[in-house]
Amino acid sequence: MADRLYEAALVPELWTETCERLAREARSDTATIFTVDTRGNHRYVTTPNIAEGFAQFVQSEHRLNNIRPLRAMERFPFSFARDIDLLSREEFEKDAIRRDFIIPGGMEWEAGWAFQEPTGHIIVITLMRANGRDHFSTDELARLDLLKPDLARAAYISSRLAFNEARSMTETLSILGLPAAVIGDDGQAIAMNREMEALSPRIRTGAGDRLVLEAPGANALLDEAILRYTAEAVPVVQSVPLMSRDAAPALILHLLPVRRAARDIFSRSMAILAVTAVGRVGPPDMRVLCGLFDLTPAEARVARGIAMAQTPETTAAALGISLETARSHLKRIMQKTGTSRQAELVLLLSGLSAPTFGGGAGGGEELP
């Protein structure tokens, strides 16, 4: 069981199977592992037999009034505990979560453990037994306690992997000459490359490692964009302009959501904040187009043509493809970049020209 926890930390797709294994080991009817971020958002994996009910729970207001995790961390920080150990008799009988989700799902008894991991997220492991069965015994809870160190380490490993992934993203964009930072779900900068650091004080970090822009209006737009990307089920690319000042050029900040695996419950939400300067001369670098927006080489070529003020017709002719194919590519490009009009797409791609470091300026054109 411990080995399976570590495997799932590295391969998130294994978490559902791991929950099923955990339920069997605990002689439980269900097993759920979920995380709660600082805004109350839940990410979870669970055994299939309670998946529908848990999906309803995490969309309800009840998730914000769930006293179990905090009370478990206060009263039983080092061990699994039962619901009847956390709730008074009156609380247990009147509990809205039991009434609206647990009992309608055919369950009766619950046991679990909650702890806080380094990112500030609360992690909860909860097990339930069906109506008509006995509650979890003291010996069974003690057996579950043996897994606590492995559960905590698996969560820590997953968090460290997310941090290393963020750092790798910014270093890759540094190779392409783009200032970039990776933003976490609380708006803090998880990682930042040297090109982004060089833009200080126009773009800098403030309290809590949150990014701060020198222009109050642009700063408010960035905060709003971060709130939108954390709130949306399918967040889109968002752009924020930062006007020129003195000899410094105008900048466009692109907030690009990182799509995480649905089962990657321990990793925080992330977005790349890439910065481009307005007015740079030259066509967009295809490496940047593919890397920033997850475009295929064919889509990148069409995007490059559109960014150079070509029409879909002239782009199709230049690339030797049909107009229908060019329009199909353009539709997917707009979906991936979060734009709805061709003029918005041209503005978004402004400044994505090839970097000027030696020997690499033309390397982005040799895509298959």
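The values are calculated or read from the model by the stated rules, or taken from the named source; none is laboratory data. In this text, all values refer to a predicted model and were calculated from it rather than measured experimentally. Quick reminder, even Gly has a Cβ in these numbers, built from the backbone with ideal geometry, and neighbours come from all protein chains shown. Protein only, heavy atoms only, side chains kept; ligands, DNA and RNA dropped before computing areas. Shrake-Rupley method; radii C 1.70, N 1.55, O 1.52, S 1.80 Å.
Can you tell me the FRET efficiency between Arg143 and Glu52 if r is taken as the Cβ-Cβ distance and R0 is 30 Å, rounded to the nearest 0.05? Walk me through the intermediate numbers first.
On the way: r = 29 Å, r/R0 = 0.97.
So the FRET efficiency works out to roughly 0.55.
Tell me, what HN-Hα J-couplings in whole Hz come from the Karplus equation 6.51 cos²θ - 1.76 cosθ + 1.60 at θ = phi - 60° for each residue of region 93-99, using x for Gly and Pro?
My calculation for region 93-99 gives 6, 9, 4, 5, 5, 4, 5 Hz in order.
So what does Met1 come to for accessible area, using a 1.4 Å probe and Å² rounded to 10?
About 40 Å², rounded to the nearest 10.
Just report the Cα centroid separation between region 127-158 and region 168-212, whole Å.
Between the Cα centres of region 127-158 and region 168-212 lies a distance of 39 Å.
Please work out how much accessible surface Tyr44 shows to a 1.4 Å probe, ignoring ligands, DNA and RNA, in Å² rounded to 10.
Looks like 50 Å² after rounding.
What aspartates and glutamates sit close enough to Lys94 to cross-link, taking a C-alpha to C-alpha distance under 17 Å and skipping anything fewer than 8 places away on the same chain?
Glu61, Asp83, Asp85, Glu108, Glu110
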